[in-house]
Structure formats: C-alpha cells, structure tokens
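The block underneath contains the structure these notes are about, expressed in structure tokens.
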Amino acid sequence: MAASLAALLQARGYKVRIRKFDPYLNVDPGTMSPYQHGEVYVTDDGAETDLDLGHYERFSGVSARQSDNVTSGRIYRDIIAKERRGDYLGATVQVIPHVTDAIKAFALDESDDLDFILCEIGGTVGDIESLPFMEAIRQLRNELGRDQTLSIHVTLVPYVTAAGELKTKPTQHSVRELTSLGIQPDVLLCRCEHILPDNERAKIAAFCNVRKEAVIPALDAESIYAVPLQYHAEGLDDEVLRGFGITDSKEPDLSRWYDIVNRYHNPEGEVTVGVIGKYVGLQDAYKSLHEALVHGGMAHKTRVNIKWLDAELFENEDDLVTKLEPMHAILVPGGFGERGSEGKIASIKFARERNIPFFGICLGMQMACLDGARNVSGIENASTSEFGSTDNPVIGLITEWQSKDGTQLRDDDSDLGGTMRLGAYRAKLSDNSHVASVYEAQNIEERHRHRFEVNLAYKDMLESGGLIFSGMSPDGRLPEIVERPDHPWFIGVQFHPELKSRPFDPHPLFASFIGAALKQSRLV
Ligand code: GLN
C-alpha cells in the first residue's frame, strides 16, 4: 500500500520516503528465520531490514536506509543504553514520553528535503506491541496539525461465499478500535475479493466517519505492478492530496507503470528457471530474487516461470535429472547452513556439464566453488568452514576486511546479530571478463550479507579447473565474482544483485541471465 501510494505521489513530482515500524522485540530481522519473517532486506548502508523496504525501493526507486526501519527492540535497546549511561538524569523512564518520543523522532528523521514521509505500522490494530506506535502517531498528528498529517487504515472486507455477501463489520470494528486509541482514519483502503457496491461503500463511510470517496476499494490486482494504476483509478492519491488541502496538483505521469504492466502482462516469450534452495516452501523468503527474475523477464518481454525446487530432494541423481532437464536456466540463491548443500552442488555440476545457464548468488557462488574444487580440480572433501571443520576450507570465515568505517575484525566467537559483512561494497571487474561485458563497467557496487568467503589459498587450483576469479574487492583480498569462460553463462557472485533490481531498471545480471535462458529455450 505505502509503496503504491509513494509511486503515485512521485508520479506527480513529489519527493517521498517510506518508513516501516515493526512492533516486535527483535532489534532487527537479521537473526530471524526466513520462514518466520521472509527475506531480510539489506540496505546500502548495511542495515538488515524488513522485506517491505524492498517493495518500497522497487516501487519508489529510492534506496532505503537504516533510518527507514525501526523495531520496538531497537527503540528499547537505545533507551535502556541511555538509561544505563545516566542520560535521563534521575527521571523515571516510561513508555510515554520516552518510547513515544523516540518513535516520533524516528518518523521525522532526515526529512528536510522531502514532501511526504509515509510511515507504515506493521501488525494489526489492537496488538499489544503496536500500542506505543499508535500513541506516537496520535501525538504526532496533534503536534504537526491535521493539515500536515493523514491517517490511512488498511482493512479487510471479507466475502462470505455461503451467504454471497461482503461483510463490512470487521472494518467497522477495527476503525472503532483505532478511534478508541485516538486515531480517526481519513482514508480507508478496503482489501476485498469482490467489487464493493456503492451502498456498502456508503455504509462503511457512515459507520466509520469518513467521506464516501475516501473509502477506497482495493481488489486483488492482476499483479503487484498493476496496483498503483488500480489505486489511482479508485482515487487514492486524489483523496490523500485532498486531505492535505492540495488542490492544484498536476495529473500523475504514470507512463512508466503502463510500460512495465504491458511488458509483464503481454510477454512475447517464456522461460523456466529452476531455483534450488532451502526455504522454497515460503516465497517471501526469496522475495527480491523472485522480483529480480521477473524484472529480467521484463527486459526481454519474457514470462519467467520460476520452479522453486527443494535442494534436499536432489541428493538422488535420478530425481535431479528429471527435475532439472526441463529447466532453461538454474539458479542457486543465498542461504545459511549445511542442509541441502549436496543437492545444490549436484545441481551446479549438472548445469556445468550440460551447458545450462547457471547463476550462483552468495551461498550459491560458494557452492559453485565447491563443485569446481571437488569435481574439476580434484580437491577431496573441499568444503566450507560454515559446515564444520574441514581439511580443505575452500570457503572460510572472513576474519578481516575493509569497510567505510575502517578495518573490520571477526572471529568464531563474534555475535551472530549484525556482524556479517553487510551493505554496499565496491568490486573491480577483470578486463574482458563475461561480467565486465554484462555490466558494461569496470567498477561496480553491490550489497553483501555474508560471513564466509572464497579462500584465496585455493585460487590457482580453482582457476586451473576453469573457474576464473573475475571480480575482486578493490584491495584484491576478497573474491566477489567467479565465472567459467568455457560455459555459455556460468556466473557466481558473492553479493546479492537481486536487492538492487527495479522494474524500471532490471539488474544487468538478471537481464543477461534471462537472455541466456531464452537462448537455451530455443536449443531444447
Ligand atoms: N552462509 C553464507 C555466508 O555467510 C552465505 C550467506 C548468504 O548466502 N547470504 O557466507
């Protein structure tokens, strides 16, 4: 919702920033399982954040920052640290005003050059954890004034099939709950599976004390890319501007949205990409990857069918061949831990031997190095220290690296939360490499989230097995990209290019990978 509204405001020429409040107690989602919380989205400045920030970035094109996502855990951590330092000078530290002040400060931080700040509160109205956030919003509305703030409430209008009826009661109840917290919504965005008839819209307006035009039906869209156009057609941005007393805004320029919707809904080709991972049961675990593959397809007006395949099933050769043979390309994404790793390595071997386009991301690149080490260079038991001690740590813990804040040091005893090599780092690409031609550049900057790294002690052996180190950190100490020049498309990257792909600006690696899959689809 916030991402689509931001897109509509931008299309009218406004500068926007979107922020996410997560009421849970983790300091950030970095330590949460992708099964609990979906993917962890990493920003340029190295924050591990909620996956919604990925949507915001893809829809608004504005790179998210650490200051765009906050949790109760982080707010309490900072307040308690201040209390221990004695910063409160003897005061009793309380939810109101200390926690609410911190939330308000977060909402308004770094906003000088903006026209609008959109703050989204996670969870559901009535959650115990979100109460301080609601209270902070109530205070903020009071302090900034009604003409400077607006509340949008997203509600559900369920359809009861047996009765053939839309039910407006849940919306009435959640609005009542919200008003009891002191927040009267100005706009209601009603998620519904069926068209909201005029009389139901009027009923919601009357019971919830909002204008009828401000009851915006939000039917399930054909695709997420169609949502901004749909909300605009229902009048969301007009209503929002009206709430701020802005009556002279020009019509939004939505041409780029029409273009991507057209590319997405009217494909001229089709490819099937197999993604071999561990968290394949929950698509949100690979949200940015999914979107980046779609963007790669948009670049070629091609539909990308993604087959999510559980790496653990590929430890048996027969299954692997039947499942992977129909694929036009194979991708092994990032991940953590040993489970499924043998299946990933076997899939990479299959892609290498059959000349099927292969893309390895982060753990996927590390597994491509283990395939090369074991199956081409003959390094027995080649493994990664992530999976336990090994005689041949082709992948090892990064113990030292250079960041914008100086030298970073880590060891086996370091905390797990927030201690990976995180955020944007530059890399240098080798002349005449495949990646240099894909990027059409010599220097790139990509986002990282990893603790382990290819061990340079094995570089010569891997290279003599045909796996070339074509991208390195600027100091030459960390391998960032490997590729096989004797293969049509075989690239492994230590970073997460999917985090920077946008529908209007597909990432070059994904565009090129889907191009290679298209070529492959014409061969088979
Ligand atoms: N587990 C690997 C590491 O920490 C890869 C991480 C990832 O794929 N994001 O290096």
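The values are calculated or read from the model by the stated rules, or taken from the named source; none is laboratory data. Predicted model only: the values in this text are computed from it and were never measured. A quick note on method: Cβ atoms are made from the backbone with ideal geometry, for glycine too, and the neighbour counts reach across all protein chains shown. Only protein heavy atoms, including side chains, enter the accessible area calculation; ligands, DNA and RNA are left aside. Shrake-Rupley method; radii C 1.70, N 1.55, O 1.52, S 1.80 Å.
Filtered by the rule that a residue be of a type in the set (Phe, Trp, Tyr) and assigned to a loop (DSSP other than H, G, I, E, B), segment 329-373 gives a lone residue, 336.
Given the criteria in a helix (DSSP H, G or I) and of a type outside the set (D, E, K, R), does residue 279 qualify? No, not satisfied.
Here segment 27-58 is the region considered, the condition is being of a type in the set (A, V, I, L, M) and closer than 19 Å to residue 503 by Cβ, and the residue that is least open to solvent (accessible area, probe 1.4 Å) is 53. Are any of the residues in segment 457-480 in a helix (DSSP H, G or I), open to solvent by less than 20 Å² (accessible area, probe 1.4 Å) and modelled with pLDDT of 95 or more? Yes; the residues of segment 457-480 include at least one that is in a helix (DSSP H, G or I), open to solvent by less than 20 Å² (accessible area, probe 1.4 Å) and modelled with pLDDT of 95 or more. If a residue must be open to solvent by less than 40 Å² (accessible area, probe 1.4 Å) and either under 24 Å from residue 134 (Cα atoms) or modelled with pLDDT of 95 or more (or both), how many such residues does segment 61-71 contain? The qualifying residues number 6. Restricting attention to segment 352-392, the residues that are away from the ligand (no atom under 13 Å from the Cβ), surrounded by 24 or more Cβ atoms within 10 Å (Cβ to Cβ) and either among the aliphatic types (A, V, I, L, M) or free of Cβ contacts under 8 Å to residues at least 24 places away in the same chain (or both) total 3. On the stretch given as segment 187-245, residues that are β-branched (Val, Ile, Thr), in a helix (DSSP H, G or I) and either under 24 Å from the mean Cα position of the chain (by Cα) or more than 30 Å from residue 295 (Cα to Cα) (or both) total 3. Against the test of being buried (at least 17 other Cβ atoms within 10 Å of the Cβ) and free of Cβ contacts under 8 Å to residues at least 40 places away in the same chain, the options 206, 136, 162, 202 yield a single qualifying residue, 136. Would you confirm whether or not segment 510-523 contains a residue that is outside any helix (DSSP H, G or I), open to solvent by 10 Å² or more (accessible area, probe 1.4 Å) and either at pLDDT 95 or above or over 22 Å from residue 409 (Cα atoms) (or both)? So far as segment 510-523 goes, no, none of its residues is outside any helix (DSSP H, G or I), open to solvent by 10 Å² or more (accessible area, probe 1.4 Å) and either at pLDDT 95 or above or over 22 Å from residue 409 (Cα atoms) (or both). Out of everything in segment 341-367 that is under 28 Å from the mean Cα position of the chain (by Cα) and polar (S, T, N, Q), what residue ends up being nearest to residue 272 (Cα to Cα)? So the residue we want is 347.
Residues in segment 432-456 that are touching a Leu at 6+ places or on another chain (Cβ under 8 Å), more than 16 Å from the ligand (Cβ to nearest atom) and open to solvent by less than 40 Å² (accessible area, probe 1.4 Å): 435, 436, 438, 439, 441, 444. All conditions in (1) without any contact (Cβ under 8 Å) to a residue 40 or more places away in the chain; (2) open to solvent by less than 20 Å² (accessible area, probe 1.4 Å) hold for residue 292, with the sole exception of (1).
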